[in-house]
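Comments concern the structure below.
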Amino acid sequence: MQTTQYVNEIIEELQRTASLMLDDEAEKLVNRIIEAKKVFVAGAGRSGLMAKSFAMRMMHMGIDAYVVGETITPNLEKDDILIVGSGSGETKSLVSMAEKAKDIGATIALITIAPDSTIGRLADVAIKIPAQVKSETESENRTIQPMGSLFEQSLLVFFDAVILRFMDKKGLDSTTMFGRHANLE
């Protein structure tokens, strides 16, 4: 298969994955973000990179958003939300964060393949992305891609869709967001 054929196959996999997602929990997530005082995002590896891009877009919209583990991240409080991106929902460091957030009384949201996971059971909102985490695991949505690529790509697209829904609900557009774009680059 040629490179552009792989691109088309990846796009088909993303469309198939998106068609299997449910909207109810996603709408709850958007509403919880609107209600939150501060938004914290976390993820490990490539999922963490997708979460960082989500935090950046939230900042562009004027949301008080932070990436867990960064030097400028403040403390999590009761009126805040922790949004975790984790295919398995079992990554030890993320489980520990979710348990701490639960103890504090903050809202926990998980975007995952496994809503019945440890973090999923702690979460107030759990959104299932029915993608294969690792190539050796069984899944209802097989992929030609290595490791967790389908989940990670779907996570990025899902986060961008949440941004669009938030913009729609708040009457924002891209011109509003450009005013908050970095200008020291």
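The values are calculated or read from the model by the stated rules, or taken from the named source; none is laboratory data. All of these numbers come straight from a predicted model, not from anything done at the bench. Cβ sites come from the backbone with ideal geometry, for glycine too, and all protein chains shown count toward neighbours.
Structure values in brief
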{"item": "Any chance G43 is touching a strand residue (DSSP E or B) at 6+ places or on another chain (Cβ under 6 Å), under 30 Å from N183 (Cβ atoms) and at pLDDT 95 or above", "result": "yes"}
{"item": "Residues of the stretch 7-54 classified as of a type in the set (S, T, Y), farther than 28 Å from K78 by Cβ and touching a residue at least 40 places away in the same chain (Cβ under 8 Å), total", "result": "1"}
{"item": "Residue check for M177: at pLDDT below 95, part of a helix (DSSP H, G or I) and more than 21 Å from D24 (Cβ to Cβ)", "result": "yes"}
{"item": "Filtered residues of the stretch 29-44 (kept if under 13 Å from the mean Cα position of the chain (by Cα) and in a helix (DSSP H, G or I))", "result": "L29, V30, I33"}
{"item": "Residue match in the stretch 60-70 (condition: at pLDDT below 95, more than 20 Å from E27 (Cα to Cα) and in a helix (DSSP H, G or I))", "result": "yes"}
{"item": "The stretch 1-36: number of residues that are basic (K, R) and either exposed (fewer than 12 other Cβ atoms within 10 Å of the Cβ) or in contact with a strand residue (DSSP E or B) (Cβ under 8 Å, 6 or more places away or on another chain) (or both)", "result": "2"}
{"item": "Selected residue [assigned to a loop (DSSP other than H, G, I, E, B) and closer than 17 Å to A131 by Cα] from A26, A114, A18", "result": "A114"}
{"item": "Unmet requirement for D103, which otherwise passes all of (1) more than 16 Å from F159 (Cα to Cα); (2) part of a strand (DSSP E or B)", "result": "(2)"}
{"item": "Residue in the stretch 46-63 that is touching a Ser or Thr at 6+ places or on another chain (Cβ under 8 Å) and surrounded by 19 or more Cβ atoms within 10 Å (Cβ to Cβ) present", "result": "yes"}
{"item": "Filtered residues of the stretch 138-180 (kept if over 18 Å from R16 (Cα atoms) and either among the charged types (D, E, K, R) or more than 21 Å from the chain's Cα centre (by Cα) (or both))", "result": "R165, D168, K169, K170, G171, D173, T175, T176, F178, G179, R180"}
{"item": "Failed criterion for D124 (all others in (1) farther than 15 Å from S86 by Cβ; (2) surrounded by 15 or more Cβ atoms within 10 Å (Cβ to Cβ); (3) at pLDDT below 95; (4) not hydrophobic (A, V, I, L, M, F, W, C) hold)", "result": "(3)"}
{"item": "Enumeration of residues in the stretch 79-98 that are in contact (Cβ under 8 Å) with a residue 12 or more places away in the chain and either over 22 Å from D64 (Cα atoms) or in a loop (DSSP other than H, G, I, E, B) (or both)", "result": "D79, D80, S86, G87, S88, G89, E90, T91, S93, V95"}
{"item": "Test: residue in the stretch 149-156 that is surrounded by fewer than 17 Cβ atoms within 10 Å (Cβ to Cβ) and touching a residue at least 12 places away in the same chain (Cβ under 8 Å)", "result": "no"}
